[in-house]
Structures are given as structure tokens and as C-alpha cells.
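S.K.: Encoded as C-alpha cells, here's the structure I'll be asking about.
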Amino acid sequence: MMQQYRAYLVGENGVFRSAEAFEAPSDSSALVFAKQFTRLGKVEVWQLGRKVAELESDQSRPPESSRPTLTRQ
């Protein structure tokens, strides 16, 4: 059974800037879907009146190419 969710983009002042409504079969599926919005900033995922999770912005993490890598010698 599909459930209704919303992914809210959170502004720096903590106020919701926008929302995307979608359906998913589970919380974990909803989080996978909502993860795509983290490129725009912090995201809160809600299922009706229940807060499922807060996802941090991808911008807070360095890109893959600039992350240090371990090398063996």
C-alpha cells in the first residue's frame, strides 16, 4: 500500500521554502526518493503529521573528487 509523503526544502532560517508531495510504499523508500532534493539544501521528510527524518544537504559534503583517498604504499 502506498503512503503519502512530503519532502520539505528547509531554508537557512529554518522556514520551509518549498515542498514536494509524493507516494512511497515505506519510510525507507521515501527517504531514498527524498535524498535527491538534498542537492538543494536540508530536507525534512514527513508522512502526514509524522516527521520521518531530516536529511542534510549534499552541499555540506565535499564532492567525491575532492575527498581524500587512502593509498597504500
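S.K.: Is it fair to say S66 is of a type in the set (S, T, Y), modelled with pLDDT under 95 and under 12 Å from the mean Cα position of the chain (by Cα)? Give the steps one after another, and end with the answer.
M.R.: Details: of a type in the set (S, T, Y): yes; modelled with pLDDT under 95: yes; under 12 Å from the mean Cα position of the chain (by Cα): no.
In short, no.
S.K.: Pairs please, first residue from the range 20-32 and free of Cβ contacts under 8 Å to residues at least 40 places away in the same chain and assigned to a strand (DSSP E or B), second anywhere and surrounded by 15 or more Cβ atoms within 10 Å (Cβ to Cβ) and of a type in the set (K, R), Cβ atoms under 7 Å, 6+ apart in sequence or on different chains.
M.R.: Hits for this filter: E20/R6; A21/R6.
S.K.: Looking for something of a type in the set (F, W, Y), in a strand (DSSP E or B) and at pLDDT below 95 - is there at least one such residue anywhere in the range 2-15? Even if it seems obvious, please write down each step before you answer.
M.R.: Taking the range 2-15 and keeping what is of a type in the set (F, W, Y), we get 5, 8.
Among the residues that remain, those that are also in a strand (DSSP E or B) are: 5, 8.
Restricting the remaining residues to those that are at pLDDT below 95 gives none.
No, the range 2-15 has no match at all.
The values are calculated or read from the model by the stated rules, or taken from the named source; none is laboratory data. Predicted, not measured: the structure shown is a model, and the values here were computed from it. Every residue, glycine among them, receives a Cβ derived from its backbone with ideal geometry; neighbour counts consider all protein chains shown.
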